[in-house]
1. What pairs come out if I take residues in region 99-121 that are hydroxyl-bearing (S, T, Y) and pair them with residues that are in a strand (DSSP E or B) and near the ligand (Cβ under 6 Å from one of its atoms) whose C-beta lies under 9 Å away, six or more apart or interchain?
2. What pairs come up if the first residue lies in region 85-98 and is in contact (Cβ under 8 Å) with a residue 40 or more places away in the chain, the second is of a type in the set (D, E, K, R) and buried (at least 16 other Cβ atoms within 10 Å of the Cβ), and their beta carbons are under 7 Å apart, counting only those six or more places apart or on different chains?
3. Is it the case that R39 is of a type outside the set (G, A, S) and either in contact with a Pro (Cβ under 6 Å, 6 or more places away or on another chain) or assigned to a loop (DSSP other than H, G, I, E, B) (or both)?
4. How about region 99-151: which of its residues are among the hydroxyl-bearing types (S, T, Y) and within 15 Å of the ligand (Cβ to nearest atom)?
5. Can you name the residue in region 50-68 that is under 16 Å from the mean Cα position of the chain (by Cα) and not in a strand (DSSP E or B) and, of all such residues, is surrounded by the fewest Cβ atoms within 10 Å (Cβ to Cβ)?
6. Among the numbered criteria (1) assigned to a strand (DSSP E or B); (2) on the phi > 0 side of the Ramachandran plot; (3) not polar (S, T, N, Q), which single criterion is violated by D107?
7. Could you grab me the full set of residues in region 1-24 that are farther than 17 Å from A115 by Cα and small (G, A, S)?
Amino acid sequence: MGQVCIVTGDITRLKVDAIVNAANSSLLGGGGVDGAIHRAAGPQLLEYCRSMGGCPTGEARITPGFNLPAKFVIHTVGPVWRDGGHGEPGLLQDCYENSFRLAAENDIRTIAFSAISTGVYGYPKSLAAELAIKVMRRYKDDFEEIVACCFSQGDADLYHDKCSECRLMN
Ligand code: APR
């Protein structure tokens, strides 16, 4: 019986099988969590990503974690928020589902997600949290532990609110 945990902190420090990066379609790094993961993983990550030829929005790619405590990094490219009427929710859901699919294919048992698209890409945090919790709930029993890694207590509170609404917490 898997569990969903909400933690507040730096995802690069989590000792899980895989952490999920909020990347851009080039996969060549950037700011935010993408920058933090590349800094912590070391230059081999960028070298490896160069060979991958990018990633379309909504899809996911997996790489080794290199110097990270996590064994793998799953890079997914979230949608840029416009007004919610340009397929953003479907693409964000694809990010979570494709990340879970890749994780299952690689026998990953513990996985931590950053809050995809809720920074630079401007996706409203509450809507993103609601969607993330909905998908995590569906995959809960396929993994030992699913972690929603929030970078602030305010973000974590949003997830807790959404979890209590759907009584997800164990
Ligand atoms: N650990 C966990 N979460 C983090 C960390 C970290 N070290 N750093 C930032 N975050 C959080 C942000 O607070 C936000 O909630 O990750 C979430 C995603 O924000 P961004 O990193 O800005 O990602 P996103 O909104 O998906 O924009 C992606 O930003 O960094 C570039 O290359 C990236 O172009 C891409 C774009």
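1. As it stands, the answer is S114/A22; S114/C149; S117/A22; T118/A22; Y121/A22, since those pairs meet every condition given.
2. These pairs meet every condition: N98/E59.
3. Details: of a type outside the set (G, A, S): yes; either in contact with a Pro (Cβ under 6 Å, 6 or more places away or on another chain) or assigned to a loop (DSSP other than H, G, I, E, B) (or both): no.
No.
4. S99, S114, S117, T118, Y121, Y123, S126, listed by residue number.
5. Restricting attention to region 50-68, the residues satisfying the condition of being under 16 Å from the mean Cα position of the chain (by Cα) are 55-65, 68.
Filter once more, so that each one left must be not in a strand (DSSP E or B): 55-59, 65, 68.
Working: C55: 19, P56: 11, T57: 19, G58: 20, E59: 17, G65: 22, L68: 23.
Ranking the qualifying residues of region 50-68, first place goes to P56.
6. It is condition (1) that D107 fails.
7. Initial filter on region 1-24 (farther than 17 Å from A115 by Cα): 1-3, 15, 17.
Within region 1-24, G2 is the sole residue that qualifies.
Quick note: the coordinates plus some simple rules give every number you see, no bench work behind them. Keep in mind it's a predicted model, so treat the numbers as computed, not measured. Neighbour counts run over all protein chains shown; Cβ positions are idealised from the backbone, glycine included.
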